[in-house]
Structure formats: C-alpha cells, structure tokens
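Asker: Following this message is one structure expressed as structure tokens.
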Amino acid sequence: MNKAEKNKSRTRLEQRESDIMEAATRLFADEGFHGTSTRKIAAAAGVSEGTLFHYYGTKNVLLLAILDDFYEQLTESAREGVESVMGTRDRLLFLANNHLRALMDNQALMMRLIQVYLSVDIHYYRDYKKSPIHKLNYRYTRIFDNVVREGMERGYIREGLELSAMRDLFFGGLEYGMRTLIGRKYKQERITTYVEAIVEPLWQSMQAPAAAGNESTTDSRLEASFERLEQIIERLEQVK
C-alpha cells in the first residue's frame, strides 16, 4: 500500500469513528444513554455492530470518548480565549461565557452524560483522582486556576483565597445558571448579561482592596501601548 492509499484508508477510518460518535451523541440526546442500544447506534452511523465494537469496546467506552472530545474542544477554546484577553476580570468573564455557551449549545447534554458516566463507572467514587473524568476536568479547570493565580501576582486578586472554593463557586454557579436559562428559555444574547450577573459578585469578593477599580485602567494603558508599538512596527516595515 503506497502513501496515498494509506492516507485514504486512515481518512476513511477516522470518518467512521466520527460518524459513530456523532450518531451516539444524537441518540443519547434523544433517547437517553440507557435507552440507546449499540445496534441502533451502529445503524445510525451506517456501520455494523461489529465495526462499532472494533472502535469502542463497550458503550461506556463510547460515552467516555464523547466526553473526552467535548472536554478537548472546551479546553482548547478556553485556553486560546484567555491568551487573547488582557484583564483578569475580562478573562473570568470570557471563561464563564465560553463555558456556559458550550453547555447551552449542547442543551446540557454533556452535563447529563457526565452524570450518567459517574453512575456507570464503579471505580469513580472509590478513587476519584484516578478516574478519566477527573483527568479531563482537572486539565480544563487549571485554566481558571492559572487566571486567578496570575491575578494574584498582578495584585488584582487578594492573596490567601481558597482557590478550590472559588473554582467551585465559579463553575457551580454557571452550571446552576445553565438550568435557569434553559428552564426560562432565554435567548443566546441573554447569556452575556446573565454571566456578568453571576461573575461580578464573585469578582468583587476576590479583588485586592487596593486594586478595586484600577485593573481596567491599567489594562487599557497596556493595550494602548501595544497598539502604538504595532503602528510603529508597521511604519518601519513600510519604510523598508
């Protein structure tokens, strides 16, 4: 088999894997995890049940693959977004918006699937830190932790905060807020306002006394400096 044939074969295998995950996600949303058979998933994906088991040994393994893909996309979007935002408060607002929109876009499906996974993984409650869900969640929530730690270093967030408690308040409030938004059938544009109402009290409680009201001014000056620097570089390049 030459290189072109190998690439074509790999693409076909990856497409089958993607088709199975998409079919399973759709059926889990419509009929529930326990109400969806592997035979039905295979039929919806256009493959045999044997092929499904070749890619995913059990339905539980397939469930974890869906969650892993969701967390990977969520983590990547959060990391990229935080790197493009300057202020600590603005970073927290971005993380909150990104988190809540991801859940809302999936109509809370991922939250339900996480709860299902916790009920089918018999080892989860025995040793949480060794569970796959813990590893996925740990990698994602470290982004929030890093934002808070950097805020402390910059003097915007007071030192001595119980970081795990702040993390629980942040994500717990958002996930409870998601239920409120879905229950009241809020439109997407309402999410930003709702996120600000959740994050602002937490931000006020986290701020260092001397930093209150100063961060936005400092960050604006930094952004203006960067813009002037970029303009100078552009003019120098034009001269060349």
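The values are calculated or read from the model by the stated rules, or taken from the named source; none is laboratory data. Because the structure is a prediction, the values reported are computed rather than measured. Don't worry about glycine lacking a Cβ; one is built from the backbone with ideal geometry, like all the others, and counts go over all protein chains shown. The protein model used for the area step is the full one, side chains on, heavy atoms only, and it has no ligands, DNA or RNA in it. Shrake-Rupley method; radii C 1.70, N 1.55, O 1.52, S 1.80 Å.
Asker: Please sort by residue number the trypsin sites (Lys or Arg not before Pro) in region 130-184 whose DSSP state is loop and whose Cβ has at most 16 other Cβ atoms within 10 Å.
Answerer: For trypsin sites (Lys or Arg not before Pro) across region 130-184 that sit outside H, G, I, E and B with at most 16 neighbouring Cβ atoms in 10 Å, the list reads ARG154, ARG158.
Asker: Could you put PHE94, PHE170 in order of accessible surface area, largest first, with the 1.4 Å probe and the full protein assembly present?
Answerer: I get PHE94, PHE170, largest accessible area first.
Asker: Between LYS40 and PHE53, what length in nm is gained on full extension when 0.36 nm per residue of separation is reduced by their alpha carbon distance?
Answerer: This chain segment gains 3.4 nm when fully extended.
Asker: Multiply the residue separation of GLU150 and GLU175 by 0.36 nm, subtract the distance between their alpha-carbon atoms, and state the gained length in nm to one decimal.
Answerer: 6.6 nm is the gain from fully extending GLU150 to GLU175.
Asker: Return the long-range amide H neighbours of ILE157 (sequence gap of 5 or more, or a different chain), with a cut-off of under 5 Å between placed amide H atoms.
Answerer: Sorted by chain and number, the residues that satisfy this are MET152, ALA208.
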